[in-house]
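Structure record follows, encoded as structure tokens.
The values are calculated or read from the model by the stated rules, or taken from the named source; none is laboratory data. The structure presented is a predicted model; accordingly, all values stated were derived computationally and were not measured. Because the Cβ atoms are built from the backbone with ideal geometry, glycine has one as well, and the counts that use them run over all protein chains shown.
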Amino acid sequence: MNHHLVILCVCVLLVSCNNSQSNQTNVADTPKQAEVASNTEATQSSGDGIAGYWKLILEAYDDNGNKILDDAERKKGIKNKYTFRFNADGSCRIQENFTGRYEVKTEGGSKVLYVYRKRVVGEEDQDPVPDVYRITSISKNEMVLLEKIGDLTFWVFERAG
């Protein structure tokens, strides 16, 4: 009987220690999560994030297949008109004809932009197949995207607002 009582006490102690450790972990993680959230908000509000109005100023082709927009490729690029408005809440407007949503994910060490668009009038609420771009560079004033289909076309955008 004493043997069962000892085992029961040990089990109670182990369970209570385990609960205490998980509470400490949750408390320790909370400041880190708040810090990450505040860093993300600070980045977007400072203009370094993707949120904002972007106008396509150049379409160029990756002639040498290195997935880097070289000066020679930039010089041979053509003017094009296309716009994105990325909102901080994840919604977006593409040109004047489409609305949708976007996500930026990290895949294989690269930032990848997924744009899910639908027509402004009369389309269902389910996500269509996204347009997918690798973000090759982004600064306060310029964003360079590489279309994931074929990895051949660079889109150079200028921040317009």
* Asked: In segment 33-55, is there at least one residue being part of a loop (DSSP other than H, G, I, E, B), within 22 Å of ASP151 (Cβ to Cβ) and modelled with pLDDT of 90 or more?
  -> yes
* Structure fact -> Condition set modelled with pLDDT of 90 or more and surrounded by 12 or more Cβ atoms within 10 Å (Cβ to Cβ), scope segment 104-123, selection farthest from the chain's Cα centre (by Cα): answer is TYR116
* In segment 128-135, is there at least one residue being in contact (Cβ under 8 Å) with a residue 60 or more places away in the chain, in contact with a strand residue (DSSP E or B) (Cβ under 9 Å, 6 or more places away or on another chain) and either in a loop (DSSP other than H, G, I, E, B) or not hydrophobic (A, V, I, L, M, F, W, C) (or both)? -> yes
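Listed here are the residues, each with its yes/no results for (1) free of Cβ contacts under 8 Å to residues at least 60 places away in the same chain; (2) exposed (fewer than 12 other Cβ atoms within 10 Å of the Cβ); (3) in contact with a strand residue (DSSP E or B) (Cβ under 8 Å, 6 or more places away or on another chain); (4) among the β-branched types (Val, Ile, Thr).
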{"position": "TYR53", "(1), (2), (3), (4)": "no, no, yes, no"}
{"position": "ILE57", "(1), (2), (3), (4)": "no, no, yes, yes"}
{"position": "ALA60", "(1), (2), (3), (4)": "no, no, yes, no"}
{"position": "ASP63", "(1), (2), (3), (4)": "yes, yes, no, no"}
{"position": "ASP70", "(1), (2), (3), (4)": "yes, no, no, no"}
{"position": "GLU73", "(1), (2), (3), (4)": "no, no, yes, no"}
{"position": "TYR82", "(1), (2), (3), (4)": "no, no, yes, no"}
{"position": "ASP89", "(1), (2), (3), (4)": "yes, yes, no, no"}
{"position": "CYS92", "(1), (2), (3), (4)": "yes, no, yes, no"}
* Starting from residues that are assigned to a loop (DSSP other than H, G, I, E, B) and free of Cβ contacts under 8 Å to residues at least 24 places away in the same chain, keep the ones in segment 146-161 and report whichever is farthest from ILE68 (Cα to Cα). => ILE149
* Consider PHE86 against the criteria (1) of a type in the set (A, V, I, L, M, F, W, C); (2) under 15 Å from PHE154 (Cα atoms); (3) within 22 Å of the chain's Cα centre (by Cα): it satisfies all of them except one. Which criterion is unmet? -> (2)
